[in-house]
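A.B. asks: Please see the structure below; I have some questions.
The values are calculated or read from the model by the stated rules, or taken from the named source; none is laboratory data. Predicted, not measured: the structure shown is a model, and the values here were computed from it. Every residue, glycine among them, receives a Cβ derived from its backbone with ideal geometry; neighbour counts consider all protein chains shown.
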Amino acid sequence: MKYFLLALGVLVVGAGLFLAWFVPVAFLGSPTQQTVHVALDENATADDASRILASKGAIASAWGYRVYAVIDATAKRPKAGEYDLALGSSYRNIARQLALGPARNETEFRLLEGQTLDDEKALLIERGVSAVSVGDLIGDPARDKPFAKALREQFAFLKDLPEDATLEGYLFPDTYRVWQDQLPLGLVLKQLNRFADISEGYADKAKAQGRSLSEVVTLASIVEKEGRTLEEKKVIAGIFLNRIKGNMRLQSDATVNYATKAGRARPTLDDLENDSPYNTYRHDGLPPGPICNPGQDSLEAALNPTPSEYYYYLHDDTGKIYYARTIEEHRVNRSKAYGE
C-alpha cells in the first residue's frame, strides 16, 4: 500500500509538472515580435509539422506538439505553404495558422482603356509573374502562341476566334484586386468575366447587322485609339463602316502604330509602308484582330455607330476633330488643322 501511494504521488507530481509546462506552451504562449520562417510541403502531417517547427525553433518540443495534436484535431490539418510564425506562439495559435493556410497578399491592377496585351504583360512581370506563363495564358505573337485553349472552352465569345488568336481586345480594362498567388490566371478570368457582363447581347445584335462580335471588338479597338468622346467615337465608327462599304481602306494611323509599335501621333512615310496585315493603309478591311483592349464607350460606339455621309476625319494638335465627305473637303481640313 505504501508503494502504491508513493507511485501515485509520483504520478500526481509528474502530471502536475507536465501540466504546469504544457498548458502555457499549448494554450497561452508568449509571442514576441521576432518571427521564424517555416515551409510545409503538400500532404504534410501533424508529425511532419512538429519536426519542422521544432527544427526551426518555432516550438521547443516536437513531442509536446504531437501530444497537443491528440487533443486538438486542428493540428492534424496543416496546409502546405510558407509561414512567418511569431516566436513564443502557443501550439493552439500555430495549429490554427497552419490549418488556415499561409497569408495571402492581394494586389491591385488599374488597367486603362486602350492598353494592349504588351502593356498588361509588363504590369504582370513587374508583380513577379514570368513572361512565359503570361504568354502561355493570353497569347504571345512573338512565339506564335495563341491564348490558352481552356479559356476558349470556358467563354462563349472566344470560341469562334481564329486558332492563332490572342486575347487582345477581350481583357476588359478596369481596376481589379487579385490574390498575388492567383496571378496571372486570377486577373485574366476577372477581365474575361467582366467582358462577358459588358458585352451581353452584343453578339446577337452584331449578327442582326450582318457582323460578328469579333468584328465589333476589332472596330472598337481602333475607335478606342482614334476617338476622344463617346459622340466622336460613334461618328468615327460610322465613318470606318462607310469606308468598308465603299471599298475604301480604313487608313487608320492607330493600326499602323500597332504594327510598328512606334507610338507616333502621325506615322511617317516609312511607317505607312510597313507590310503588316495590321497596316490598314496597305490592306483592305479590318485588321486580323483588335489592336488594344477597348472600354465600354468604344464597344458601344462600334456596335451602335452614328450614321453620316462622312468618309474622312482628322484631329488637329488641340484635339479638335474635322469631318469630311470628300477627299477635297478632307484636304481643306488638313490645311486648317496643320497648315499643309
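Residue-wise test of (1) within 42 Å of the chain's Cα centre (by Cα); (2) surrounded by 12 or more Cβ atoms within 10 Å (Cβ to Cβ); (3) free of Cβ contacts under 8 Å to residues at least 40 places away in the same chain.
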{"residue": "29", "(1), (2), (3)": "yes, yes, no"}
{"residue": "46", "(1), (2), (3)": "yes, yes, yes"}
{"residue": "55", "(1), (2), (3)": "yes, no, yes"}
{"residue": "68", "(1), (2), (3)": "no, yes, no"}
{"residue": "73", "(1), (2), (3)": "yes, no, yes"}
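A.B. asks: Among the residues of region 245-280, write down those that are more than 20 Å from residue 219 (Cβ to Cβ) and part of a helix (DSSP H, G or I).
C.D. replies: If the condition is that a residue be more than 20 Å from residue 219 (Cβ to Cβ) and part of a helix (DSSP H, G or I), then 260, 269, 270, 271, 272 are the ones that fit.
A.B. asks: Only one of 120, 42 is within 30 Å of residue 291 (Cα to Cα) and either touching a residue at least 12 places away in the same chain (Cβ under 8 Å) or surrounded by fewer than 14 Cβ atoms within 10 Å (Cβ to Cβ) (or both); which? Break it down stepwise before answering.
C.D. replies: Details: 42 fails: within 30 Å of residue 291 (Cα to Cα).
Just one listed residue meets the conditions, 120.
A.B. asks: Taking region 134-150 only, how many residues are in contact (Cβ under 8 Å) with a residue 24 or more places away in the chain, surrounded by fewer than 20 Cβ atoms within 10 Å (Cβ to Cβ) and within 11 Å of residue 188 (Cβ to Cβ)?
C.D. replies: Kept after step one, since they are in contact (Cβ under 8 Å) with a residue 24 or more places away in the chain, are these residues of region 134-150: 134, 137-141.
Filter once more, so that each one left must be surrounded by fewer than 20 Cβ atoms within 10 Å (Cβ to Cβ): 140-141.
In the following step, the residues that additionally are within 11 Å of residue 188 (Cβ to Cβ) were identified as none.
Of the residues in that region, 0 qualify.
A.B. asks: Checking the structure you have, find out if any residue of region 306-318 is touching a Leu at 6+ places or on another chain (Cβ under 8 Å) and touching a residue at least 12 places away in the same chain (Cβ under 8 Å).
C.D. replies: Here is the first cut: in region 306-318, the residues touching a Leu at 6+ places or on another chain (Cβ under 8 Å) are none.
So far as region 306-318 goes, no, none of its residues is touching a Leu at 6+ places or on another chain (Cβ under 8 Å) and touching a residue at least 12 places away in the same chain (Cβ under 8 Å).
A.B. asks: Going residue by residue through region 255-273, is there one that turns out to be crowded, with 16+ Cβ neighbours inside 10 Å, among the hydroxyl-bearing types (Ser, Thr, Tyr) and either in contact with a strand residue (DSSP E or B) (Cβ under 7 Å, 6 or more places away or on another chain) or within 25 Å of residue 234 (Cβ to Cβ) (or both)? Can you show your working first?
C.D. replies: Taking region 255-273 first, the residues crowded, with 16+ Cβ neighbours inside 10 Å are 255-260, 267, 271.
Right, trim to among the hydroxyl-bearing types (Ser, Thr, Tyr) and you get 255, 258, 260.
If we keep only those that are either in contact with a strand residue (DSSP E or B) (Cβ under 7 Å, 6 or more places away or on another chain) or within 25 Å of residue 234 (Cβ to Cβ) (or both) too, we end up with 255, 258.
Taking every residue of region 255-273 in turn, at least one turns out to be crowded, with 16+ Cβ neighbours inside 10 Å, among the hydroxyl-bearing types (Ser, Thr, Tyr) and either in contact with a strand residue (DSSP E or B) (Cβ under 7 Å, 6 or more places away or on another chain) or within 25 Å of residue 234 (Cβ to Cβ) (or both).
A.B. asks: Kindly provide the set of residues from region 41-90 that are in a helix (DSSP H, G or I) and among the small types (Gly, Ala, Ser), ordered by number. Reasoning before the result, please.
C.D. replies: Of all residues in region 41-90, those in a helix (DSSP H, G or I) come to 46-55, 62-71, 73-76.
Result: 46, 49, 50, 54, 55, 62, 64, 69, 73, 75.
A.B. asks: Let me ask you something else. Name the single residue that is farthest from residue 238 (Cα to Cα) among those in region 313-340 being within 40 Å of the chain's Cα centre (by Cα) and of a type in the set (Ser, Thr, Tyr).
C.D. replies: 318
A.B. asks: Those residues that are within 16 Å of residue 242 (Cα to Cα), touching a helix residue (DSSP H, G or I) at 6+ places or on another chain (Cβ under 8 Å) and either assigned to a loop (DSSP other than H, G, I, E, B) or not hydrophobic (A, V, I, L, M, F, W, C) (or both), I need them from region 310-336; list them, please.
C.D. replies: Passing the criteria: 310, 311, 312, 313, 323.
A.B. asks: Report whether or not residue 94 is in a loop (DSSP other than H, G, I, E, B) and surrounded by 14 or more Cβ atoms within 10 Å (Cβ to Cβ).
C.D. replies: On the way: in a loop (DSSP other than H, G, I, E, B): no; surrounded by 14 or more Cβ atoms within 10 Å (Cβ to Cβ): yes.
So residue 94 does not fit the description; no.
A.B. asks: Now, a different point. Would it be correct to say that residue 128 is in a loop (DSSP other than H, G, I, E, B) and closer than 30 Å to residue 42 by Cα?
C.D. replies: Details: in a loop (DSSP other than H, G, I, E, B): yes; closer than 30 Å to residue 42 by Cα: yes.
Taking the combined requirement at face value, the residue satisfies it.
A.B. asks: Still on this structure: Restricting the search to region 181-224, which residues are in contact with a helix residue (DSSP H, G or I) (Cβ under 9 Å, 6 or more places away or on another chain) and polar (S, T, N, Q)?
C.D. replies: 182, 191, 199, 209, 212, 214, 218, 221
A.B. asks: Testing residue 130 on (1) surrounded by fewer than 17 Cβ atoms within 10 Å (Cβ to Cβ); (2) within 27 Å of residue 82 (Cα to Cα); (3) touching a residue at least 12 places away in the same chain (Cβ under 8 Å), one condition comes back false. Which one is that?
C.D. replies: Every condition holds for residue 130 apart from (3).
A.B. asks: Show me the helices (runs of 4 or more DSSP H) found entirely inside region 152-241 where at least 1 residues are free of Cβ contacts under 8 Å to residues at least 12 places away in the same chain and of a type in the set (Gly, Ala, Ser). Even if it seems obvious, please write down each step before you answer.
C.D. replies: Details: elements: 185-198, 202-208, 213-226.
Those helices (runs of 4 or more DSSP H) span 185-198, 202-208.
A.B. asks: Within region 292-340, take every residue that is touching a strand residue (DSSP E or B) at 6+ places or on another chain (Cβ under 8 Å) and among the acidic types (Asp, Glu) and give me the one that is modelled with the highest pLDDT.
C.D. replies: Among them, the one singled out is 329.
A.B. asks: Another question, if that's okay. Out of the residues in region 151-177 that are acidic (Asp, Glu) and touching a Pro at 6+ places or on another chain (Cβ under 8 Å), which is surrounded by the most Cβ atoms within 10 Å (Cβ to Cβ)?
C.D. replies: Step one: filter region 151-177 for residues acidic (Asp, Glu), giving 153, 160, 163-164, 168, 174.
Next, only the ones that are touching a Pro at 6+ places or on another chain (Cβ under 8 Å) stay: 163-164, 168.
Details: 163: 7, 164: 13, 168: 23.
Within region 151-177, the match that is surrounded by the most Cβ atoms within 10 Å (Cβ to Cβ) is 168.
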